[in-house]
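Asks: Take a look at this one; I'll ask things after.
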Amino acid sequence: MIQNNMFSTQGIQPLQMKSATESKPSTPAETIQSFGTYLQNALGSVAAQEAQSHEMSNQFLVGKANVDQVMIASEQALLSLQLTTQVRNKVVEAYQEVMRTQL
């Protein structure tokens with residue numbers, strides 16, 4: 001089974017109710033910064049999968065890897081890149097739609 005590691009769900013915790021005194025609401029700048037960090041980590045993960053795919057190809061050429069390992073690594077990298085491209089396209093499309101909105 002092929003797994004996409006771009007959006008890892010291992011660290012997800014169940015939702016819990018928080019009291020108002022437990023944490024202060026984050027400012028828009030903090031939210032943007034944390035979202036930017038999330039995007040940077042996701043793009044770094046895609047780049048790492050691409051590098052792993054190239055490394056597996058090189059190992060295959062010298063006879064250190066099986067063809068099935070190379071194909072799995074390259075398909076994972078391809079799927080991650082396609083997902084990233086589709087997310088980018090949707091973000092650009094949403095931005096263009098907002099810019100066309102007349103106030």
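The values are calculated or read from the model by the stated rules, or taken from the named source; none is laboratory data. Owing to the predicted nature of the structure, the values given are computational and were not obtained by experimental measurement. Neighbour counts are summed over all protein chains in view; Cβ atoms, including those assigned to glycine, are modelled from backbone coordinates with ideal geometry. Ligands, DNA and RNA are stripped out before the accessible areas are found, and what is left, the full protein with its side chains, is counted by its heavy atoms. Shrake-Rupley method; radii C 1.70, N 1.55, O 1.52, S 1.80 Å.
Asks: Within region 46-100, which residues are acidic (D, E) and open to solvent by less than 60 Å² (accessible area, probe 1.4 Å)?
Replies: Restricting attention to region 46-100, the residues satisfying the condition of being acidic (D, E) are 50, 55, 68, 75, 93, 97.
Residue satisfying the conditions is E50 alone.
Asks: Search region 36-51 for residues that are farther than 15 Å from V87 by Cα and pair each with any residue that is open to solvent by 30 Å² or more (accessible area, probe 1.4 Å) and of a type in the set (A, V, I, L, M) when their beta-carbon atoms are under 6 Å apart and the residues are at least 6 apart or on different chains.
Replies: none
Asks: Can you tell me which of (1) at pLDDT 95 or above; (2) closer than 19 Å to V91 by Cα is the one H54 doesn't meet?
Replies: H54 satisfies every listed condition except (2).
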